[in-house]
């Protein structure tokens, strides 16, 4: 979960780990049956509903582009923002693909620049335009295989189509997002495009879990329950590091310097920290705090006086 104001991380809200004997989930006490992927998403959305002091917006990638689920979520009062494929959408009596509507918006010069963003490490401009669209016809859900689908009829669904483009300074379109949402009109399209842009920051969380931090692929736990418990602790540590990294308060800046120093890692010139370095330093820092809970400073100095001469002398032959 991230903030709607600056995209800063708030907390992990749930975890599901699929294993051979079922799904180990923070919403159940025992392993439960595996659900289809988008049904897993729906269950997570429903679990959050009503648990927060403010309404939650569920931001999902293009894998959730499903008319069946759009109708289900909307009917249940769940607010969503999803990147869709180049699907057919209807405006008035005309029905054509999002890319065709995008072309018409270009002819109308309807796109406007809204902010500077970072794209593959370089500065670029984000442009947006919006259309009210209707999704009609049956939706399709996978059955036993991806090749076999079942059509499910449903009523027309009115949504907002926000087309966000990332352009370089020469005006070349580098990337396009077709965003569908049932958010109310009070929230403008530029804000919605920004919220989806913040979604990509979550990739840094997964990077910390993997080879850039926790090395989850190298874990040696032998049971799903043990892996799930460790994932929960690791997730909290990664979110904490992410929070420290994006904070610019004086205490946070001081903590970053300390964690980098404790990590023992060298930083490139002009780069004060990296998230993996903060994570490594956090491990040492927590070990230090744990030691200070069990030893007084005088006891630590005495142990240092006993240990350091041995280190200087080296091993005996």
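Starting from the Cα coordinates of the chain, work out the convex hull volume and express it per residue in Å³.
Taking the convex hull of the Cα positions in the chain, it is 223 Å³ per residue.
What 222 nm value per residue comes from the helices of the chain, counting each DSSP H run with n ≥ 4 as -39,500 (n - 2.57) and dividing by all residues, nearest 500 deg cm²/dmol?
When only DSSP H runs of four or more count, the value is -12500 deg cm²/dmol.
Can you give me the Cα centroid spacing of region 219-259 and region 262-303 in angstrom?
Using only Cα atoms to place each centre, the spacing works out to 14 Å.
For the chain, give the share of DSSP beta bridges that are antiparallel, in percent and rounded to the nearest 5; count only bridges with both residues there.
90 percent
Tell me the angle of helix 275-294 to the major Cα principal axis of the chain, expressed in degrees between 0 and 90 and rounded to the nearest ten.
Compared with the principal axis, the helix lies near 50 degrees.
How far apart, in nanometres, would the label points at residue 49 and residue 149 be if each is projected 7 angstrom from Cα along the Cα-to-Cβ direction?
2.5 nm
To make sure I understand, if each residue's beta carbon is the centre and we count other beta carbons within 10 Å, what order do 208, 67 fall in, fewest to most?
67, 208
Angle between the Cα long axis of helix 98-107 and the longest principal axis of the chain, 0 to 90 degrees, nearest 10?
Once rounded, the angle reads 80 degrees.
Between rounded, prolate and oblate, where does region 102-250 land on the alpha carbon gyration tensor, with a ≥ b ≥ c its root eigenvalues, rounded for a/c under 1.5, else prolate if a/b exceeds b/c?
The shape class here is oblate.
Pulled fully out, how much extra length does the chain show between residue 141 and residue 233, if you take 0.36 nm times their separation in residues and subtract their Cα-Cα distance?
29.6 nm
What base-10 log of the normalised intensity I(q)/I(0) is obtained for region 35-200 from the Debye formula, alpha carbons as equal point scatterers, at q = 0.10, 0.13 Å⁻¹?
-0.40, -0.68
For the pair residue 109 and residue 26, what calculated FRET efficiency results from E = 1/(1 + (r/R0)^6), where r is the Cβ-Cβ distance and R0 = 51 Å, to the nearest 0.05?
It comes to 0.55.
For region 108-177 and region 59-74, what is the centre-to-centre distance using only Cα atoms, to the nearest Å?
Region 108-177 and region 59-74 have Cα centres spaced 13 Å from each other.
Percent relative contact order of the chain, based on C-alpha pairs within less than 8 angstrom and at least six residues apart?
Value for the chain: 13 percent.
Any idea how far apart residue 6 and residue 185 come out in nm if each label point goes 7 Å out from Cα toward Cβ?
If labels sit at residue 6 and residue 185, their model points lie 3.3 nm apart.
Sticking with the crude label model, points 7 Å out along Cα→Cβ, report the distance from residue 220 to residue 122 in nm, one decimal please.
With each label point 7 Å from Cα toward Cβ, the separation is 4.5 nm.
Taking neighbour Cβ counts within 10 Å as the exposure measure, how do 209, 292 sort from fewest upward?
292, 209
Compute the acute angle (0 to 90°) between the alpha-carbon long axis of helix 250-263 and the principal axis of greatest extent of the alpha-carbon atoms of the chain; round to the nearest 10°.
Roughly 60 degrees between the two axes.
Over 19 Å, how big is the tail of the calculated P(r) for region 83-138, in percent of all Cα pairs?
I get 42 percent for the Cα pairs in region 83-138 exceeding 19 Å.
Coordinate-derived values only; no laboratory data. Since we're looking at a predicted model, the values are computed, not measured. Using ideal geometry, Cβ is built from the backbone for each residue, glycine included, and neighbour counts are taken over all protein chains shown.
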